[in-house]
Structure formats: C-alpha cells, structure tokens
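The values are calculated or read from the model by the stated rules, or taken from the named source; none is laboratory data. Predicted, not measured: the structure shown is a model, and the values here were computed from it. Neighbour counts run over all protein chains shown; Cβ positions are idealised from the backbone, glycine included. For the accessible areas, the whole protein counts, side chains as well, though only heavy atoms, and no ligand, DNA or RNA atoms are used. Shrake-Rupley method; radii C 1.70, N 1.55, O 1.52, S 1.80 Å.
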Amino acid sequence: MNAPLRLPTRPFAPVELRPLALAVIIPTLNECDNVAPLLAALDRALAGREWEAIFVDDGSTDGTQGEIETLARHRRDIRLIRRHGRRGLSTAIIEGMMATTAPVVAAIDADMQHDEAILPRLHDAVLAGADIAVGTRYANGGSTGEWDKSRVRKSEIATRLAAAITQTRVSDPMSGFFVVRREAVLAAVPHMSGVGFKVLLDLLASSPQPLAVAEVPYTFRSRQAGASKLDSMVALEYLLLLVDKITHGAVPARMILFLAVGAVGLIVNLAALDMLLNGAGFTFRAAQTAAVALSILFNFALNNWLTYNDRRLRGLAWLRGLATFTLVCGIGAIAQVGISEMVYDERRIWWIGGLAGAAVGAVWNYAASSFLTWRRA
Ligand SMILES: Nc1nc2c(ncn2[C@@H]2O[C@H](COP(=O)(O)OP(=O)(O)O)[C@@H](O)[C@H]2O)c(=O)[nH]1
Ligand SMILES: [Mg+2]
C-alpha cells in the first residue's frame with residue numbers, strides 16, 4: 001500500500017516581491033552604442049530601488065532594437081516599445097509613460113548627456129511630495145558643460161519665452177530630464193500637444209493643476225556616441241508648441257503649418273503663372289493649368305516634408321498621397337468657387353467673396369487631406 005503523498009506546506013521559499021517604484025523612459029533613435037553604457041549606469045545609480053526601463057524606439061536603423069533585445073534577454077525589468085510609422089520625441093516619452101504601472105516615471109535621454117547619478121535625488125524629491133522633479137542645467141551648481149556660446153544663448157532665449165508663457169517657475173523648462181508622478185502625467189495628457197521635443201514644457205503648461213516642482217542641478221555632459229537628432233525643424237516645432245499653448249489648442253499647430261505652406265504655394269502659383277504667361281508666351285489657360293498643377297505638387301511635397309514630418313509618406317505611398325491630395329484640392333477649388341459666388345451674390349463686394357471662398361477652401365483642404373492623405377497610421 002502506498003503511503004499518502006505528503007506535500008510540504010510551503011514547497012518553495014516565498015519570493016519577496018517589492019512593488020515597482022519607478023519606470024525610466026528612454027526614447028531612442030539610432031542610439032545603438034549608447035544603450036549598454038546607459039543601462040549599466042542606470043543599474044549603478046538606481047541600485048536598491050525597484051525600477052524598470054522602458055525604451056521607446058521609433059524605427060532605429062542602426063541596430064538599437066536588437067541591442068536592447070540582447071541586453072533584455074535575461075531581465076524582466078527592461079521593455080521595448082517599437083513604434084511604427086511615427087516619429088517624435090515628445091510622443092515617444094508620453095507613450096512610454098502611459099505603458100507602465102509604476103507610480104513614478106522618469107524621462108532621460110539615451111545619449112548619456114543627462115547625469116543619471118542624480119536620478120535617486122529626483123526620485124526622492126517626488127517621494128517627498130513634489131509632483132515633478134526636474135534635472136536642471138541652470139540652477140546653482142548645474143552647468144551646460146561644453147556647450148558653445150551661441151547654443152547657450154539660444155537656449156536661454158527659449159527658456160525665458162517658455163517661462164513667460166507657461167508662468168511656471170522652472171529655471172530650465174527645456175530640460176528633457178525629469179521625474180514625475182504618473183498621476184500628474186495622466187491628468188495632463190489629454191491637454192498635451194505632443195509637438196516636437198519639449199515634453200517637459202508641454203507637460204507643465206498642460207497640467208490642469210499647477211505642479212509642485214523640485215529642481216536638482218547637474219552638469220550636462222557631451223553626447224557619448226552617435227549623432228544629435230536636433231535639426232532645423234526644432235525651432236519651428238518649438239514656436240508651434242508655444243502657439244498651441246497660448247491659444248489653448250484652439251489653433252492646431254498643424255493647421256498653422258498647413259496654411260503657411262498654402263501661402264507659399266500661392267506665391268509659387270503666381271510666379272509660375274507669370275513665367276509661363278509673360279515669359280514663355282503660353283495662353284492664359286495653359287499657363288494657369290500648369291501653374292496650379294505645380295502649386296499642388298509643391299504644396300503636397302512641402303506638407304509631406306514639414307507639416308506631416310511625423311507621418312511622412314514615401315515611395316508608392318507618396319504617389320498615392322499626391323493623388324488623394326490632388327483630389328482633395330480639386331473638390332476644395334469647386335467649393336471655393338461656389339462659396340465665393342454665394343457670398344458675392346449676397347454682399348456684392350468682390351474681395352469679401354474671394355476671401356470667404358479661400359477660407360472655406362483652405363479649411364476643407366486641411367481637414368480633408370489630414371483625413372484622406374495623411375491619415376494617422
Ligand atoms: N523615440 C524617439 N526618440 C528620439 C527622437 N528624436 C530624438 N530621440 C531621442 O531623444 C534623445 C535626445 O535626442 P538628441 O538627438 O540627443 O537631442 P539633443 O540632445 O537635443 O541633441 C535621444 O535619446 C534620442 O535618441 C524621435 O523622434 N523618437
Ligand atoms: Mg542629446
């Protein structure tokens with residue numbers, strides 16, 4: 001007869017799980033050589049805390065994703081969000097923050113420019129009651145390291161502008177290095193613009209309640225490896241973010257860009273008309289047809305490059321986009337003529353009719369193309 005099987009009441013030593021305390025969000029775009037040093041530095045800096053790393057990668061082509069996968073193979077505290085068809089530092093950080101259950105989240109660049117050694121102090125400041133703790137390059141003790149003079153000056157101008165507009169008392173609202181209570185992010189997210197690089201500024205300006213800010217100074221380091229993604233677009237994106245915040249989102253940044261492109265497109269149209277009609281001796285109809293076609297092509301290409309730089313169409317999709325954009329503009333032109341005639345019949349003032357038509361045409365083109373041509377992926 002078999003003896004009854006006796007199971008030990010506690011077959012395994014209980015594993016003591018401490019709750020997750022902090023998620024560190026790391027946006028990456030071609031940062032392959034920086035990932036390992038950064039993780040090692042974070043491990044050192046955050047030893048003793050329950051933390052996880054969340055990389056948010058926007059389609060790096062230098063093997064960054066593979067490098068993260070390799071490093072994460074034996075760990076449960078490293079995650080990777082691979083975004084597809086989207087770009088943008090702000091939205092990458094926001095999405096990383098939305099992907100964690102940790103009560104406190106941090107944002108840090110992957111290129112080692114932010115001094116991870118102050119992360120514990122930033123974290124502690126939030127644990128001690130601050131809504132957000134910012135790593136600042138200007139407060140006492142902080143410095144901009146090896147920045148050249150013109151960059152320091154530009155950064156100062158942008159900082160003053162930001163402070164005036166958001167009315168937040170942060171000495172470095174352009175910082176990309178901060179630790180924040182997740183609740184504060186969740187409350188602000190519905191109002192955030194997500195344009196461009198300046199996620200901290202966006203967060204501060206979008207928060208329904210003013211945030212209690214703590215600051216910890218640090219010395220900004222030089223980039224470890226790879227190249228900066230800061231391009232000529234950054235200044236423009238910054239201005240758009242400010243407009244967005246001043247108008248409380250009433251005027252979408254994209255629409256401003258779209259209208260600006262349209263205005264330049266009109267100049268292209270007129271210049272081409274002049275050249276073909278007066279220069280090359282085309283008939284008016286032929287010259288205007290060619291000029292309109294050229295300005296549609298111009299508007300499409302520039303909007304695709306600038307206005308929708310985060311959803312840029314390429315290859316076959318570019319051609320398809322041009323086709324739908326032409327269709328949208330065609331319908332817009334018909335509406336424009338119709339509306340201006342209607343208004344003209346009513347008011348008998350030619351330019352009011354013309355303006356009314358142009359306004360309706362422009363808004364139609366913007367709305368319809370955002371839906372048909374540059375539909376969100
Ligand atoms: N996911 C994502 N990360 C980005 C993007 N642009 C920049 N980054 C990352 O954001 C951080 C700061 O960018 P960087 O080029 O160093 O900006 P700079 O320090 O102002 O020159 C780095 O970790 C970049 O890899 C983007 O469009 N998407
Ligand atoms: Mg950098």
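Here are the numbers:
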{"read-out": "Condition check for Ala110: in contact with a strand residue (DSSP E or B) (Cβ under 8 Å, 6 or more places away or on another chain), closer than 30 Å to Leu306 by Cβ and in a loop (DSSP other than H, G, I, E, B)", "value": "yes"}
{"read-out": "Complete set of residues in segment 185-206 that are aliphatic (A, V, I, L, M) and either under 17 Å from Arg87 (Cβ atoms) or open to solvent by 10 Å² or more (accessible area, probe 1.4 Å) (or both)", "value": "Leu186, Ala187, Val189, Met192, Val195, Val199, Leu204, Ala205"}
{"read-out": "Residues located in segment 73-106, provided they are open to solvent by less than 20 Å² (accessible area, probe 1.4 Å) and either closer than 10 Å to Pro27 by Cα or in contact with a strand residue (DSSP E or B) (Cβ under 6 Å, 6 or more places away or on another chain) (or both)", "value": "Ile78, Ser90, Ala92, Ile93, Gly96, Met97, Thr100, Ala102, Val104, Val105, Ala106"}
{"read-out": "All positions within segment 188-222 that are farther than 14 Å from Arg137 by Cα and among the hydroxyl-bearing types (Ser, Thr, Tyr)", "value": "Ser193, Ser206, Ser207"}
{"read-out": "Test: Leu201 is away from ligand 2 (no atom under 16 Å from the Cβ), among the hydrophobic types (A, V, I, L, M, F, W, C) and within 18 Å of Ile25 (Cβ to Cβ)", "value": "yes"}
{"read-out": "Filter pass, Gly249 being more than 16 Å from ligand 2 (Cβ to nearest atom) and more than 19 Å from Ser90 (Cα to Cα)", "value": "no"}
{"read-out": "Residue match in segment 312-333 (condition: more than 35 Å from the chain's Cα centre (by Cα) and among the polar types (S, T, N, Q))", "value": "no"}
{"read-out": "Residue list for segment 211-243, filter: open to solvent by less than 20 Å² (accessible area, probe 1.4 Å), more than 16 Å from ligand 1 (Cβ to nearest atom) and part of a helix (DSSP H, G or I)", "value": "Leu242"}
{"read-out": "Test set (1) of a type outside the set (Val, Ile, Thr); (2) part of a loop (DSSP other than H, G, I, E, B); (3) open to solvent by less than 20 Å² (accessible area, probe 1.4 Å) - Ala23 fails condition number", "value": "(2)"}
{"read-out": "Qualifying residue in segment 69-79 (condition: within 13 Å of ligand 1 (Cβ to nearest atom) and touching a helix residue (DSSP H, G or I) at 6+ places or on another chain (Cβ under 9 Å))", "value": "no"}
{"read-out": "Scan of segment 306-318 for residues that are more than 16 Å from Ala263 (Cβ to Cβ), in a helix (DSSP H, G or I) and not charged (D, E, K, R), ordered by number", "value": "Asn309, Leu316, Ala317, Trp318"}
{"read-out": "Selection count, segment 109-132, where residues are without any contact (Cβ under 8 Å) to a residue 60 or more places away in the chain and closer than 14 Å to Glu31 by Cβ", "value": "0"}
{"read-out": "Qualifying residues in segment 322-374 (those that are assigned to a loop (DSSP other than H, G, I, E, B) and open to solvent by less than 90 Å² (accessible area, probe 1.4 Å)) - the one farthest from Ala253 (Cα to Cα)", "value": "Ile349"}
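Here's the yes/no breakdown for (1) touching a residue at least 40 places away in the same chain (Cβ under 8 Å); (2) among the charged types (D, E, K, R); (3) under 20 Å from Pro252 (Cβ atoms); (4) loosely packed, with under 15 Cβ neighbours inside 10 Å:
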{"position": "Asn278", "(1), (2), (3), (4)": "no, no, no, yes"}
{"position": "Gly281", "(1), (2), (3), (4)": "no, no, no, yes"}
{"position": "Ala286", "(1), (2), (3), (4)": "no, no, no, yes"}
{"position": "Ala291", "(1), (2), (3), (4)": "no, no, no, no"}
{"position": "Phe298", "(1), (2), (3), (4)": "no, no, no, no"}
{"position": "Asn304", "(1), (2), (3), (4)": "yes, no, yes, no"}
{"position": "Tyr308", "(1), (2), (3), (4)": "yes, no, yes, no"}
{"position": "Arg311", "(1), (2), (3), (4)": "yes, yes, yes, no"}
{"position": "Arg314", "(1), (2), (3), (4)": "no, yes, no, yes"}
